Structure formats: C-alpha cells, structure tokens
There are 2 protein chains.
Amino acid sequence: MGIKELARHLNISIGTVSRALNGHPEVNAETRKRVLEAAAELGYAPDQAGRSLRQGTLNVVALLLSTDLTSKTDTMFFMELSRGIQDQFAEHGLDLVIHLNKPDLDMLDRVKRIVERRQADALILAETRDNDPRLDYLAGRNFPFATMGRSWSGGTHPWMDLDFDFAMRAAIDRLAGFGHRRVALVTGDPGYRLDSMLQDAFRRELAEHGMPLDEALMIKTDTHEEGGYKAMTDFLAMAEPPTAVIFPHYRAVVGAYSYLSETGRQPGRDVAILSCSADTAIAQFMAPPLTCFRLDLYGLGRRLAQALLASMPRFAESYGNALIQEIWPWELVGRDSDGFHVG
Amino acid sequence: MGIKELARHLNISIGTVSRALNGHPEVNAETRKRVLEAAAELGYAPDQAGRSLRQGTLNVVALLLSTDLTSKTDTMFFMELSRGIQDQFAEHGLDLVIHLNKPDLDMLDRVKRIVERRQADALILAETRDNDPRLDYLAGRNFPFATMGRSWSGGTHPWMDLDFDFAMRAAIDRLAGFGHRRVALVTGDPGYRLDSMLQDAFRRELAEHGMPLDEALMIKTDTHEEGGYKAMTDFLAMAEPPTAVIFPHYRAVVGAYSYLSETGRQPGRDVAILSCSADTAIAQFMAPPLTCFRLDLYGLGRRLAQALLASMPRFAESYGNALIQEIWPWELVGRDSDGFHVG
DNA sequence: CTCTATTCCGTAAACGTTTACGACGATAAC
DNA sequence: GTTATCGTCGTAAACGTTTACGGAATAGAG
C-alpha cells in the first residue's frame, strides 16, 4: 500500500511513480496511465504524513470554533458559512476541518498547537475579541489566517464582515417610518467586536433620526433564548416600555417571543421585534415571521476562503496577491414581527 | 524550532530530547527539567507529520458530518454531541476534528481519503443509511470507527443510539391518556435507520393501544421547517384530520407551529403536537413550549467517544476491550404543546 | 580488584514521500 | 561521425520524529 509496493508492482522506480501521480510533465504518457490505473486498482493514496514531512504542506485548513457556539449563537450561521468555505477550498484540493475548543483562554493554546504541530496550512477564526492574543500570535508567526468579523484594529489580515452600520440604519429607518420613538437594543458582551459595533451604530442612528437615547433601553445580556426572555421581561416591567426592540442575535428573539406569548402579547402588534441577524430558515417560520436581513451565507463563506487563499503564498497568484477585507451588504426582509404603526 | 535545534541549544542529543518530552523513564530528572523548560521557552512542539510518520499515529479523530445537516436536522444536536466527544478525547491527548462533506456519494470518497491518507486515527459517522457502503469499507480496512445511531444490521462496530421504542411508547401512552385516537406521524426518508425505526415503533404502539392505523396519517417528508409546514397543511385539509401529530424531528415542529398560527389555530388547543427530539434549548421557548424528550447529549457524546476508544488497540485496555453498543434512555418532558383532552 | 547491574545517554535506522541530480538512449543538427 | 538536445527514468538525499541498540560511567556486590 506504500509507494514502494506500488513501484515494485509496476517494475519502475518510486520516483517515477511519484511524478506520475503528481502530474509532472517529464513522464511518459503510457507510464502515467499504467501508474494511475494501478494506484486506483490497489487503492493507493499518498500518506499525508510522508508528503507533509517532505514538502511542508498538509492541504488542510482549520476552522476554529468555540463550544460556546452551542449555547450562545446561531449554529446554522456557521454551518452555512462552513459549507461555502469547504466548497471553495475543495477547488484547490484543500480540506476544511473544524476544530472545536473550549472558549477563552484555552483557545490560544489550541491555536498554538495547530501552528506548532503544523496541523493545518492556514487557520480561520470565527469570533475575535478585544485585544485577541490569537491574532498577535498568528501574525507574529507569519501563519496564514483569516477571520470572520473584522478585528478591533482592522488588522492586516484578510477578513469578511457584515455591514452592521447599514443594518442598523435600515432597521431604525424602518421603525421610524412606523412612528416608533422608543427603540431598544439587546446585544451581547461588548467585548466582542460585533456587539460593540452594533451599540455604536445604534447610538449614531438614534441621533441621526432625532430619537432620544435612553441607556436603560440598551441591555447587554446573553445572546441565547434565556437572555432574550429576560430582556423582554425587563422592558415590559418598565414604567415606559419601548415600543420596538432590536435583537441582533436571532436566538434571543425566540426567548422574547416566548415571554410575549406567555403574557398574552403578540410580536408585531403589542411590540415591534426586529433582528439584525441573517435570515436563516427558521425566521420565516416564526409566528409571526421575523423581520431580519437576507444574506448569502454560502457566498460569504466562499469569499472568506478566497481571501485566505489570496494571503497564502502558494495560492496568492491566482487571487492577485491582494489583501482582501470586505464588508458584505445585506438586505432587510420586512415581515410581520414589526409591521405596525404606533401612536 | 526543530528537535535538532533544541538539542543543539541544550548540548544534548536529539534522542534524549525526544525521550524527555515523551516522558520516558530512562532520562535524568534534571535533564528532563532542562528540556521541558527550553521547549516551553523556545516554543517547540513536535511536528505532527514527523511523529505521525514514525509511529503511524496522529492523535486525531475525525467526525464526518454531511452538509445536509444545515438544512435537514437540528444542528444543535451535533454541536452538543461534539462537545462531549471532544472532552472525552482530550483526556487522552486526542483532538476531534469535524469534516464536512457533501452528502451521499461523495461521502464514501471522503471516508476513503481519510483512511488512505491517514488523516485520522479513527472515525465517527453521524448518519448511516441502509446498506451504507462506508461501514463495509471501514470494517474491511479494519479501521477503528463508531457511529451515532445503530446501523441496519446492528453491526460489530461500537455505536450509541437512542431508545426510540421507549419514546414512541411514552408518546402514544401520553396521547392516549388525553383521549386521542387519531394520531399522525411525520418522519423523514425511511432510508435512514432512524426514520425507519420510528415508523415501525409507531405502528406497533398504535396496535398495542388499540388505535386504528391510517396510512394517510404517516407522512414522509423533509425534516426541516418547510416539511413540517406542508405536513400540517395536508393534515388539516383532510376530511377527518388527526387530533395529535408526532414530529420526531424538531425543526419540522417549527413549520407546523407556523402553519397553525397562520390559520388562527394553536398547538396544544386545536391540535396536539409532540416531538421525539432531544430537548434542546429552543423547545421550552416555543409558544407554547414543546413536549419532547430530555437527554444528556453531552454525556452521550462522551460515551460515544469511550465506545470508540475501547475499540482502538492503543486504548482498549483502559476500557476493558469490550464492544460497546448502547441504547440511551431519555425522559418525556410534558409541556403545553399537547396538553389537552379531546372528546 | 573484578564482575555485574543500573542509570543515563548518543548513534543511527526507519517511517513514506518528493525532488534535485545525473544517466541513458534516441533523435536531430552540423 | 561528432555533438547537442530532448524525453524519460533511476538514485539518493531530505523532511522531523521515535526508538532499538549499544556504550560509558557509576555504583554495588563479592
């Protein structure tokens, strides 16, 4: 099953076998055919370790995800994204593998392990934090990597991100059009760049629309169902509750819907609910269907992979050697969760 | 950064360095300390390719998932499962990596690639199909693997599965107790062992409870939101609709809820909805909260990993060299989606 | 002092590839 | 007939580890 056996079986040298399999030009056409046939018949495939050892490359890109995702974010988002990444890499013979890890501190260790043991040729990080030490480490080692979501400093590494400024403007435009003036925002930990940007954009757009800013209407909490449930509970206990709530994180909406339903209220009638999340399958099947943002997650994944490839010396020329950092547009999908006029 | 540099830096041989790092007994305590310190300081970690080449082991286990998961199943299920698997493997210094692949035919190629290129020491398959060629291939190559969900033949490989017989009995017991006699079942493609078992159990339990079996009430469709939506549409268009519907697949429930809401109906009042899925975070936040089954997904993942480890020569002795195949119990969590009496 | 056992460490082979280098024969050029 | 060119292939080194083997030094036993 090794290349040696294959060579012996064909009565040629291992060098020729290797050249034949790797498509080198200096091998006779008929010899190549014989080699390929024999390889297919005997089920030979080059050992990854041997090849990697020799040419220092593994044909594997790692995507590092935190197990937090299970509890805090929309797993669908990353699944769709991964599908795009995977397909793009496949065109270059690269495999995508997902590494799950405990969140926070261990993450740096895992990154170090991947780099130092050479478990992948490049790395994709999903969620970056303020002063994320992983970015410095990777940049210092000159290891190719990309991130989903820009980092705080912008950085000189490739990334893809979403246009949250646009989303927030579109959301508040829409709510203002319906006559809302007390709008609330429920985000997660502002230690994440995403939540920080959302809060900034929220403040700015409120000001632009001449709406009052009430800090009590900006709740930072967990981004899953329970966080949304509690946030909605708090809002409705206020002397003057908001008439509209923006939940950038989709899963929090589920909790909010739940509390509203329990108390006999209805989203889209008693309070407007709007999400800045991607329009994954469930949104249109909520009751009432959720207003959120349409986005080509699969395409985003592909483009993220392209950005990373463009930063890898081996593939850079195919992608114009450019540093690719893009902010992706999306489109507001108005549904019934916020479709009513106040006042 | 190689072991050679490290050895030169310490003025000892690479053999001793290797032994020191790998905890072999025949090395002086003080030498070992020096080596470990220097390795930490210089950020040395053994190259995976070199090590793998030498000792034929990689310390990596692969979990193969289909990109279908995105559209068809509850991604949360596999995330929680993966977390358990990951933690169990970590105790033995193994990493879990997830390979995403297109469904169906390509899957066998991917499995072959993983085995032939030695990209992992063992493999976990998530969804097996009738006459799944991947199982035969792996067994033929004597490659360690385990599956989530038993295969059709039972097989001689380790697996974990859920007690769907129990679930179906508990579900129909409960519905019978509420007075239901026209109960429907919405499953996916019976080419999957899971759906096939559910249908069998459903028929059996109906008979045991003296309920009539109406084949029109057994719909096979997609297991995502849209499938549930359409199934519910079909049911309610019947001359004599079912009074209760069992949706083993959680995501189909979302679609069913959606249709009910659109037509002014309410789950748990106009029709009973019950799911045999695991009780993931969303179930209790649906409106009304969904009756389903409580399950320790994390523990299940750990146990699945143990079962696999027990089948790997390297680790077998720690686990008693046994073939581990287990059917896990779960517990019905009665909520409001089916809590009403008929007639 | 001799012999043996023990502790520690260096040497070198091996794992399965890829590839630089050189060699061989055949063909073409003069 | 000599030389250069080309196409094809074999040889061997190299990648970074681990580990079997043997050797040197020390200690203990007689």
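The values are calculated or read from the model by the stated rules, or taken from the named source; none is laboratory data. What you see is a predicted model; the values in this text were computed from it and never measured. Methodologically, a virtual Cβ is constructed for each residue, glycine included, from the backbone with ideal geometry; neighbour enumeration extends over all protein chains shown. With ligands, DNA and RNA removed, areas are computed over all heavy atoms of the protein, side chains included. Shrake-Rupley method; radii C 1.70, N 1.55, O 1.52, S 1.80 Å.
Which pairs break 19 Å Cα to Cα here: B:K72/B:K230; A:K230/B:K72; A:K102/A:K220? Display every interim value, and only then the final one.
Details: B:K72/B:K230 15 Å; A:K230/B:K72 30 Å; A:K102/A:K220 22 Å.
Result: A:K230/B:K72; A:K102/A:K220 exceed 19 Å.
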Fill in the blank from the handout: Any residue on another chain or 5+ positions along whose placed amide H is under 5 Å from the amide H of B:M218 is listed here as B:L185
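Return the Rg/Rh value of chain B, two decimal places, where both radii are evaluated on C-alpha atoms and Rh is the Kirkwood radius. Show your work: numbers first, answer last.
Values: Rg = 25.3 Å, Rh = 22.6 Å.
Here Rg/Rh amounts to 1.12.
What is the average number of partner chain Cβ atoms found within 10 Å of a Cβ in A:282-291? Intermediate values should be presented prior to the final figure.
On the way: counts 7, 1, 6, 15, 7, 11, 3, 3, 0, 0.
Partner Cβ neighbours, averaged per residue: 5.
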Fill in the blank from the handout: Amide H proximity to B:D338 below 5 Å, modelled H, separation 5+ or other chain, gives B:I273, B:T291
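First compute the accessible area of region A:28-185 with a 1.4 Å probe, then give the percent of it belonging to carbon and sulfur atoms. Please list the in-between numbers first.
Values: 2930 of 6090 Å².
Carbon with sulfur: 48 percent of the solvent-accessible area.
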Handout entry: Probe 1.4 Å - accessible area at B:D95, Å² to nearest ten
Key = 10 Å²
Exercise for the section: Work from the charge dipole of chain B (Cβ charges, +1 for Lys and Arg, -1 for Asp and Glu, about the Cα centre) and give the residue of B:L217, B:V245, B:L63 farthest towards its positive end. Expected result: B:L63
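Might you report the magnitude of the Cβ-based charge dipole of chain A about its Cα centre, with Lys and Arg at +1 and Asp and Glu at -1, to the nearest 20 debye? If you can, show how the numbers build up before the last one.
Numbers: 37 positive and 46 negative charges, 234 e Å.
My answer is approximately 1120 debye.
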Completion exercise
Losing no less than 30 Å² of accessible area (probe 1.4 Å) relative to the isolated chain, the residues of region B:222-245 are B:E225
Fill in the blank from the handout: For B:K112, counting only aspartates and glutamates whose alpha-carbon sits under 16 Å away and dropping same-chain residues fewer than eight positions off, the answer is A:E41, A:D47, A:D95, B:D104, B:D121, B:D132, B:D136
Handout entry: From phi via Karplus (6.51, -1.76, 1.60), per-residue ³J(HN,Hα) for region B:59-65 in Hz, x at Gly/Pro
Key = 6, 9, 10, 9, 10, 9, 10
Handout entry: Average Cα contact separation per residue, region B:3-46, under 8 Å, 6 or more apart, as relative contact order %
Key = 38 percent
Completion exercise
Taking placed amide H atoms and a strict 5 Å upper bound, the residues 5 or more places from A:S151 or on another chain that come that close are none
Problem - Antiparallel content of DSSP bridges confined to the protein assembly as shown, in %, to 5 - result: 15 percent
Practice task
Return the lysines within reach of B:K33: Cα separation strictly under 19 angstrom, same-chain partners fewer than 8 residues apart disregarded; answer none if there are no such residues.
Solution key: B:K4
Completion exercise
Mean shadow area (nm²) of the C-alpha convex hull around the protein assembly as shown is 35.0 nm²
Exercise for the section: Per residue of region B:130-146, in order, report the coupling 6.51 cos²θ - 1.76 cosθ + 1.60 (Karplus, θ = phi - 60°) as ³J(HN,Hα) in whole Hz, putting x for Gly and Pro. Expected result: 4, 6, 5, x, 5, 5, 4, 4, 5, 5, x, 7, 6, 9, x, 7, 9
Handout entry: Percentage relative contact order, chain A, counting C-alpha pairs under 8 Å, at least six apart
Key = 18 percent
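Determine the per residue accessible area of the protein assembly as shown with all protein chains present and a 1.4 angstrom probe, expressed in square angstrom.
41 Å²
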Handout entry: ³J(HN,Hα), Karplus 6.51/-1.76/1.60, whole Hz, each residue of region A:32-46, x for Gly, Pro
Key = 4, 4, 4, 5, 4, 4, 4, 4, 5, 5, 7, x, 8, 9, x
